[in-house]
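Notes for the one structure printed next.
We did not get these values from a lab; they are worked out from the coordinates using the rules stated. None of the values given here were measured: they were computed from a predicted structure. Positions of Cβ are backbone-derived with ideal geometry, glycine not excepted, and every protein chain shown enters the neighbour counts.
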Amino acid sequence: MTIDLKTLNIEPRRQTFGHIARRFGEDRPASRYEEGMLDVQATKHFHYKPFWEPDKELYDASRTEIVMQDWYALRDPRQYYYATYNIARAGMRAAAQHNFDFVEKRGMLGNLDAGWRAKVEDYLLPLRHVAWGANMNATQICDRGYGTAVTAPAIFTAGDQLGIAQVIGQIGMDMAGGGGEALEAAKEKWMTADYWQGIRKLVENTLVEQDWFQLFIAQNLVIDGIIYPLVYDSFDASGQAHGAAAISMLTEFMSEWFSEHSRWTDAVIKVAAAESGTNAAKLSAWFTKWRDQTGEAVRPLAAHVLGDGGDAAVDQALATLNARAAKLGLST
Amino acid sequence: MAKKLGLKQRYGLLTRGLDWETSYQPMDKVFPEATFEGIKIKDWDKWQDPFRLTMDAYWKFQSEKERKLYAVLDSFAQNNGQLSISDVRYLNAVKLFITGVSPLEYQAHRGFAHAGRQLPGVGPRIAAQMQSLDELRHAQTQIHTISHYNKFFDGMHEFPHMHDRVWYLSVPKSFFDDARTAGPFEFMIAIGFAFEYVLTNLLFVPFMSGAAYNGDMATVTFGFSAQSDESRHMTLGIEVIKFLLEQHPDNLPIVQKWVDKWFWRGYKVLGLVAMMMDYMLPKKVMSWKEAWEIYFEQAGGALFEDLARYGLKPPKYHEQATADAEHLSHQNWSIFYNYTQAAAFHTWLPEDDEMAWLSEKYPNTFDKYYRPRFEQWRQMEKDGNRFYNNALPQLCQTCQIPMAYTEPGDPTTICFRESEYKGDKYHFCSDGCKDIFDNEPEKFSQSWLPVHQIFQGNCGGADLGDVLKWYNMNVGADNMDQNVSPEQALWDKWQAERSRVAAE
Ligand SMILES: [Fe+2]
Ligand SMILES: [Fe+2]
């Protein structure tokens, strides 16, 4: 029996869930971003205190010193929910794979000057350990953070950072003609080379930071905000004189990702800083603390890659970052 | 030129190689939860990656699945797919799911993020992170699927608010709070092994095949789409338990205790599924007893035979759960029939053909113990005196279900157990729940028991109306008997309209 359903009068009795209508101040349709995110995390009547942190609730806003009236104010301008996140990344990663195939087909890695090739192995390949540290930090922010508005994009970022570590890993294998030798050598540099130790120490310091919003500043704003422009802009630009077009192609994913990631980072910080003078002061103090540590940590690497031009490149990255932070309402 | 690597080596380089032994900060500060549960790991490198999924492959597979799923959800909404369900009563299963299960998917997401940060081995850490992403997927796709039903039907509109407050929802909530507040290894055994591996088929198969039998194409599509995630989760769960048992003999007694505890915890939560299968589905898939036989007795039996080589025994009280399968759904449905005035879904008495089905599926118990009860309530209903129980029930301190279960082997006597801790008395529905309390009294004495909280005035006020208001319940629509519900009236109107149109 087929029935023309159009002849039935089927009117929705409500447009969205009650908790969302209350936020809207009216019952109107909500987006999938809103329905999948708003108020999804439990807030009340937790049954047991965590064994691993008995002085806090399971979800507890006091895991950071930042205070928000409404944690769901920290929106993601990309409006990612799981589906749109994965679809966006699958597209970016397919484009990156296309570049990998193109570079391999044309033998473009063979165009690298021998000297610069060694530099690339020195600066680029150990960066996968920095990305791995960033993955742990993003996971930590998801774990300890408060409110799905910020914790959901945090686990997406964890996936991104792992994906980036693996893009670098793939570059390392291609540079070694398909084997793991270059990556193993890179790990040795990460562990022992002088020009990496400042950064490794910096990353290890972030791994023990318990205030998740401070970690957000340290990782997403400062470390990513200095290392990405330094490596994927300044180092990359120098490489162009040494036949490094292939490296630009293979790291395009990171450049594209960084500008997208920064949109989210900036939106979250801007709202938190605008919330109160106390927040702004805390965020500013964390910013300057991690900026100074990071600035010093990257100088030996920049000098190793760019020689005398290293300090100028770091200064430029710092100036860009300071300007960015100022726009977010932080004092620098 | 170096030789190209095999898949396993390649995966190893892209993941295992990432980790390093920290030296500027001590490892036990980087992984502060690695040892406090007493689990001993000699060599994380012995971890076998159960699936070798790099992020590029993850994004590709998952995005393809999401495209397909959301295409179905869009067309379901456009075509008023809610009209194709078997009967409006079916939606009560959906209400139970969005208020009771979807918030657990979210909890799993955050819990695996915790494990995905805290487990010191890089292999399990990555697997846990991917599961964290998957579980967020499950929470969000379920919300997006049920969003359409919420536009037309009651009892779904306040799912997070209710999950944090409503009396019976504290059963699933406290279950997951328990796992989440445990250390990362217990969490992996509780959720990764006991829940995802041993018991998952008793949760998802009933809900998803229930959806299929009852014309809910949206939920079916979600269920199918989640299947490949679930198989990864199951592989992770079994790998974790084997790894812990292989790493050190001292782990066995700890793991055994967790298996015993989480079997019983999970089994008690699944009582909600039992009543859903036997009473709420207009078109029945199979009985709870049959599901228990297939998915626990047979599949679980084979599993524990396999794990016996590590010295692990089947969970304590599993024989009792098997014996209880004759009673569980009937006792639970009775509880909810009694207290529908305080629930965000409807109940009703089984019709004659449903009673016949129950007699056939439960030949040892239904006619003897439960049919007379339902017939008495049916008579009361006919007399215009539908039975509602106005006395608040006592809840089990551990599982938080009203104390309405009977003694093992004696289905006419209610089972009560009690323990004393720091001068206070605590009450339990079963030996299993009492054991769990006695092993961790400090933890379980903290339970936020809804009935206690009502008595203490923490739930909006002293009378039922105040409490329901505090639940954000739409009184008269979300609660009470199915037969007097607005959505039944709406459904009947739609059906009448369809018949009229068909006749023309
Ligand atoms: Fe799930
Ligand atoms: Fe219990």
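Structure values in brief
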{"quantity": "Residue list for segment B:420-441, filter: in contact (Cβ under 8 Å) with a residue 12 or more places away in the chain and away from ligand 2 (no atom under 12 Å from the Cβ)", "calculated": "B:421, B:422, B:424, B:438, B:439, B:441"}
{"quantity": "Residue satisfying all of: in segment B:380-400; away from chain A (no Cβ under 14 Å) and within 16 Å of ligand 2 (Cβ to nearest atom); farthest from residue B:463 (Cα to Cα) among these", "calculated": "B:394"}
{"quantity": "Unique residue being among the acidic types (Asp, Glu) and within 16 Å of ligand 1 (Cβ to nearest atom) when the list is B:230, B:239", "calculated": "B:230"}
{"quantity": "Among (1) without any contact (Cβ under 8 Å) to a residue 12 or more places away in the chain; (2) assigned to a loop (DSSP other than H, G, I, E, B); (3) among the aliphatic types (A, V, I, L, M), the one test that residue A:67 misses", "calculated": "(1)"}
{"quantity": "Selection within segment B:53-99 - within 19 Å of residue B:231 (Cβ to Cβ), out of contact with any Gly (no Cβ under 9 Å at 6 or more places or on another chain) and facing chain A (nearest Cβ under 8 Å)", "calculated": "B:60, B:62, B:64, B:66, B:69"}
{"quantity": "Test: residue in segment B:451-463 that is within 16 Å of ligand 2 (Cβ to nearest atom), within 20 Å of residue B:163 (Cβ to Cβ) and within 12 Å of another protein chain (Cβ to nearest Cβ)", "calculated": "yes"}
{"quantity": "Candidate set from segment B:478-504 (those that are of a type in the set (A, V, I, L, M) and facing chain A (nearest Cβ under 9 Å)); member that is surrounded by the most Cβ atoms within 10 Å (Cβ to Cβ)", "calculated": "B:490"}
{"quantity": "Residue match in segment B:399-412 (condition: touching a helix residue (DSSP H, G or I) at 6+ places or on another chain (Cβ under 6 Å) and not in a loop (DSSP other than H, G, I, E, B))", "calculated": "yes"}
{"quantity": "Number of the exception - residue A:322 against (1) without any contact (Cβ under 8 Å) to a residue 40 or more places away in the chain; (2) within 21 Å of residue A:132 (Cα to Cα); (3) not charged (D, E, K, R)", "calculated": "(2)"}
{"quantity": "Residue tally, condition touching a residue at least 24 places away in the same chain (Cβ under 8 Å), within 10 Å of chain A (Cβ to nearest Cβ) and away from ligand 2 (no atom under 16 Å from the Cβ), over segment B:156-173", "calculated": "9"}
{"quantity": "Options B:50, B:120; residue that is of a type outside the set (A, V, I, L, M, F, W, C), more than 8 Å from chain A (Cβ to nearest Cβ), within 26 Å of the chain's Cα centre (by Cα) and more than 30 Å from residue A:31 (Cα to Cα)", "calculated": "B:50"}
{"quantity": "Residue in segment B:401-419 that is nearest to the chain's Cα centre (by Cα), counting only those that are more than 13 Å from ligand 2 (Cβ to nearest atom) and free of Cβ contacts under 8 Å to residues at least 24 places away in the same chain", "calculated": "B:407"}
{"quantity": "Residue check for residue B:176: more than 30 Å from residue B:20 (Cα to Cα), under 17 Å from the mean Cα position of the chain (by Cα) and more than 7 Å from chain A (Cβ to nearest Cβ)", "calculated": "yes"}
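Conditions tested, residue by residue: (1) assigned to a loop (DSSP other than H, G, I, E, B); (2) farther than 28 Å from residue A:191 by Cα; (3) touching a Lys or Arg at 6+ places or on another chain (Cβ under 8 Å).
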site: A:89; (1), (2), (3): no, yes, no
site: A:94; (1), (2), (3): no, yes, yes
site: A:120; (1), (2), (3): no, no, no
site: A:130; (1), (2), (3): no, no, no
site: A:134; (1), (2), (3): no, no, no
site: A:146; (1), (2), (3): yes, yes, yes
site: A:151; (1), (2), (3): no, yes, yes
